[in-house]
Structures are given as C-alpha cells and as structure tokens.
1. Applying the selection to the range A:1-16, what residues are more than 22 Å from A:Ala51 (Cα to Cα) and surrounded by 21 or more Cβ atoms within 10 Å (Cβ to Cβ)?
2. Quick one: is A:Ser9 under 22 Å from A:Val156 (Cα atoms) and hydroxyl-bearing (Ser, Thr, Tyr)?
3. Which of the following residues is within 14 Å of chain B (Cβ to nearest Cβ) and either in contact with a strand residue (DSSP E or B) (Cβ under 6 Å, 6 or more places away or on another chain) or closer than 22 Å to A:Ala182 by Cα (or both): A:Lys86, A:Lys65, A:Lys55?
4. In the range B:20-46, what residues are within 15 Å of B:Asn92 (Cα to Cα) and assigned to a loop (DSSP other than H, G, I, E, B)?
5. Would you confirm, using the coordinates I've provided, whether B:Ser160 is among the hydroxyl-bearing types (Ser, Thr, Tyr), surrounded by fewer than 17 Cβ atoms within 10 Å (Cβ to Cβ) and touching a residue at least 40 places away in the same chain (Cβ under 8 Å)?
6. Does any residue of the range A:94-105 turn out to be within 14 Å of another protein chain (Cβ to nearest Cβ), touching a Cys at 6+ places or on another chain (Cβ under 7 Å) and either more than 30 Å from B:Glu142 (Cα to Cα) or among the charged types (D, E, K, R) (or both)?
7. Considering only residues of the range B:111-145 that are surrounded by fewer than 24 Cβ atoms within 10 Å (Cβ to Cβ) and of a type in the set (Val, Ile, Thr), which is nearest to the other protein chains (Cβ to nearest Cβ)?
8. Just the residues that are in a helix (DSSP H, G or I), within 21 Å of B:Leu121 (Cβ to Cβ) and not small (Gly, Ala, Ser), please, taken from the range B:47-87.
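Values in this text are rule-based calculations from the coordinates and carry no lab data. All of these numbers come straight from a predicted model, not from anything done at the bench. For neighbour counting, all protein chains shown are included, and Cβ atoms are generated from backbone atoms with ideal geometry for every residue, glycine included.
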Number of protein chains: 2
Amino acid sequence: MKILVIGASGTLGQAVVRELSSRHDIITASRSSGDVNVDIKDIDSIRAMYAKVGKVDAIACTAGKVHFGPLSDMTADLMQVGIKDKLMGQVNLVLEGTASLNDGGSFSLISGILAYDPIRLGSSASLVNGALESFVKAAAIELPRGIRINAISPNVFVESMEGYGPFFRGFKPVPVADAALAYSKSIEGGQTGQVYKI
Amino acid sequence: MKILVIGASGTLGQAVVRELSSRHDIITASRSSGDVNVDIKDIDSIRAMYAKVGKVDAIACTAGKVHFGPLSDMTADLMQVGIKDKLMGQVNLVLEGTASLNDGGSFSLISGILAYDPIRLGSSASLVNGALESFVKAAAIELPRGIRINAISPNVFVESMEGYGPFFRGFKPVPVADAALAYSKSIEGGQTGQVYKI
C-alpha cells in the first residue's frame with residue numbers, strides 16, 4: 001500500500017512509520033520536514049498536500065494541537081486552538097482527502113483517552129477528542145467506495161511521561177508502539193467506525 | 001430554586017419548563033421571546049443575558065443548531081454552523097456563566113443520540129454531540145464551589161417525528177417529557193459529569 005502519514009516527525013508518527021515501513025510505501029508529511037509539508041489547521045495547506053501526493057491507499061494522521069489550561073481560565077479563543085487544529089484539521093483531512101483515496105482506502109485519526117477519562121486542565125482536549133470519536137462513527141456510514149475510517153484513542157505514552165507525567169498521575173502509560181499497532185489494524189484490517197482504545 | 005431555561009420556546013424547552021415550573025422559579029430565555037433574549041452563538045448576547053438575569057441556581061440549555069447534510073457535501077464552513085451554535089454556544093454558557101451560579105448550582109446541556117448512534121446526513125451533529133458529552137465529563141472535575149454539569153442525550157422525540165422521522169427510521173422515539181425528566185434529575189439531583197441517555 002501507499003500510505004500518507006501526517007505528523008510523521010512526532011513521537012507517534014515515527015512509531016507509525018516504523019510499524020508500517022517494512023511492508024508499505026510511506027509518504028511522510030509534517031509541518032517542516034518529511035516528503036511533503038503540511039499545516040493541518042490551514043485548509044489550503046491540506047489541499048496543496050493532497051495535490052502533490054496524488055492517490056494513496058491510506059491516510060493516517062498522528063498530529064493535532066490543543067490548548068491545555070484550567071477551566072477557569074478557558075475562553076472561547078483558547079478552545080478554538082484545538083477546534084481549528086486537532087479537530088477541524090483532521091475533519092478537513094477527511095473532507096478534502098476522500099477523493100485522494102483509492103477504493104477501499106482508509107483514514108486513521110488520532111483521538112485520545114481524555115475523551116472519556118478526563119484530567120484537570122484537559123477540558124479542551126476532551127471536547128476535541130470526543131468530537132473526533134463521534135465524527136468517525138458517523139463518517140464511517142457515509143464514506144463512499146468502501147473507504148473506511150477509525151480513530152486511535154491512546155492513553156498517555158511511556159515515551160511522553162517526562163513532559164506529560166505530572167498531568168496524568170495514576171494513568172498507566174502505554175508504549176507508543178502499541179498505538180502504532182492500532183494504526184496497522186485500522187489500515188491493514190477491515191474494520192470501520194471504530195475507536196481503538198489503547 | 002431559580003432556574004434559567006435557555007431555548008424555552010422550543011419543543012424541549014417548553015417540556016422542561018412544564019416539568020420544573022410547579023416547584024421552581026423559572027426564567028425563560030429564547031432568541032425572540034421569553035423573559036430575556038439570547039442568541040447562544042453570540043458570546044456578547046450570552047454575557048448580556050447573564051448580566052440581566054443575575055445569580056441563579058441552575059442553567060439549563062435546550063437550544064442548539066447544527067447543519068444536516070451528506071458527508072460528501074460537508075465543508076469546513078458547514079461544520080462551523082454547529083460548532084459555533086450548539087457546541088461553542090453551550091460551552092460559552094458554561095465558561096461565561098459559572099460566576100452567575102450560586103454554590104452547588106448546575107449546568108444541564110443538550111447533546112443527542114447521534115453522539116454514539118449515527119445517521120446519514122448527521123456527521124456534524126455527531127461531532128458536536130460527542131464534543132459536548134466529553135466536555136461535560138471534563139468540566140465536571142474542574143468546576144468550583146460544588147457546581148455540577150450534566151448532558152442530556154435524547155433519542156429523536158415523538159413530538160418531532162413529523163419533521164425528523166424520515167431521517168431516524170428504525171429509531172424508537174421518546175416523549176419529550178422523558179428528556180425533561182432528565183433535566184430535573186440533573187438540576188434537582190446530586191450527580192455530575194453524567195450523560196443521561198434518554
């Protein structure tokens with residue numbers, strides 16, 4: 001398969017590339033490195049990426065930014081950070097990218113455990129992840145030509161505990177390779193409309 | 001209790017007022033009728049409503065608009081209709097309204113079955129409802145002074161089947177009074193961070 005991995009330079013993106021590259025042709029996309037550059041919060045950047053890449057068999061996103069902060073300091077503008085980037089960035093990857101997928105192709109989006117298991121400072125991340133998980137369930141029943149879509153919803157990563165550990169006390173971190181395996185299941189399996197809780 | 005019902009002129013809003021008005025003082029808010037006017041997609045309108053209403057014991061929202069249409073016709077702009085109105089309208093009711101709630105007060109927001117049980121044409125509604133349900137879980141652990149928050153997530157209403165029936169084939173509609181009961185549980189009970197599936 002020809003697989004486009006967006007956010008390929010990140011911790012998760014690198015793990016997904018490691019998992020898939022021995023079996024497939026990988027096109028890497030990132031904001032400032034990789035085979036093609038893309039900023040997912042910019043719809044024109046998404047369109048330019050798809051125009052450059054051409055037809056592929058799978059589109060996997062491992063990128064997405066949200067604002068973390070206390071609910072008492074949260075504002076409509078701070079909520080927009082995650083809505084524009086992790087949420088609508090990935091929704092636009094689907095809306096704009098369906099035509100770039102071959103029949104039977106797939107989208108794999110990144111959600112996260114805060115959709116259902118919240119932490120302090122995480123209200124925006126929860127909102128964005130919950131939106132993505134429900135969008136995936138809905139889009140799955142309307143995508144044409146056998147195209148599939150799943151969300152990967154991981155716990156905090158072992159590899160990210162140095163930075164994120166204080167915010168995720170009591171959470172059992174998972175190796176990023178486990179989340180990469182879920183991308184493999186989404187891309188190489190036959191399921192659709194699923195949320196893989198890792 | 002003094003209870004602010006937003007969207008009070010709608011099918012659900014009227015049912016919530018019927019359920020609560022024999023026991024409580026109700027302040028009704030709607031776009032063009034009621035004790036106070038509000039357009040929840042306009043944050044200044046929300047602020048003006050709270051300034052006029054003063055302190056209350058419960059804020060219940062029964063209003064929220066989303067765009068329905070095929071995924072193939074969906075665009076970032078059409079997605080924004082629901083994000084600005086039903087999603088961020090209600091999130092802003094919380095962010096801007098916490099200071100207007102007395103200690104131990106509550107927010108009750110409207111979500112819907114499409115968060116987890118999708119229909120064709122409903123991808124935006126699913127996204128918005130999923131976002132709201134996860135936001136409620138997250139906000140519940142950060143709200144101060146014993147303030148609670150729950151989401152009411154109803155099936156299609158018996159009373160709305162004439163208009164919505166064709167889109168919800170096979171769904172078992174519920175009386176709007178059942179959803180109004182869930183608002184009573186949210187407001188008069190002690191639970192928080194819950195999604196009441198009706």
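1. Result: A:Leu12, A:Ala15, A:Val16.
2. Values: under 22 Å from A:Val156 (Cα atoms): yes; hydroxyl-bearing (Ser, Thr, Tyr): yes.
Yes, satisfied.
3. Values: A:Lys65 fails: within 14 Å of chain B (Cβ to nearest Cβ); A:Lys55 fails: within 14 Å of chain B (Cβ to nearest Cβ).
Every option except A:Lys86 fails the conditions.
4. Result: B:Val38, B:Asp39, B:Ile40, B:Lys41, B:Asp42.
5. Considered against the rule, which asks whether it is among the hydroxyl-bearing types (Ser, Thr, Tyr), surrounded by fewer than 17 Cβ atoms within 10 Å (Cβ to Cβ) and touching a residue at least 40 places away in the same chain (Cβ under 8 Å), B:Ser160 comes out as yes.
6. No: the range A:94-105 contains no residue that is within 14 Å of another protein chain (Cβ to nearest Cβ), touching a Cys at 6+ places or on another chain (Cβ under 7 Å) and either more than 30 Å from B:Glu142 (Cα to Cα) or among the charged types (D, E, K, R) (or both).
7. B:Ile141
8. Residues satisfying the conditions are B:Leu71, B:Asp73, B:Asp77, B:Leu78, B:Met79, B:Gln80, B:Val81, B:Ile83, B:Lys84, B:Asp85, B:Lys86, B:Leu87.
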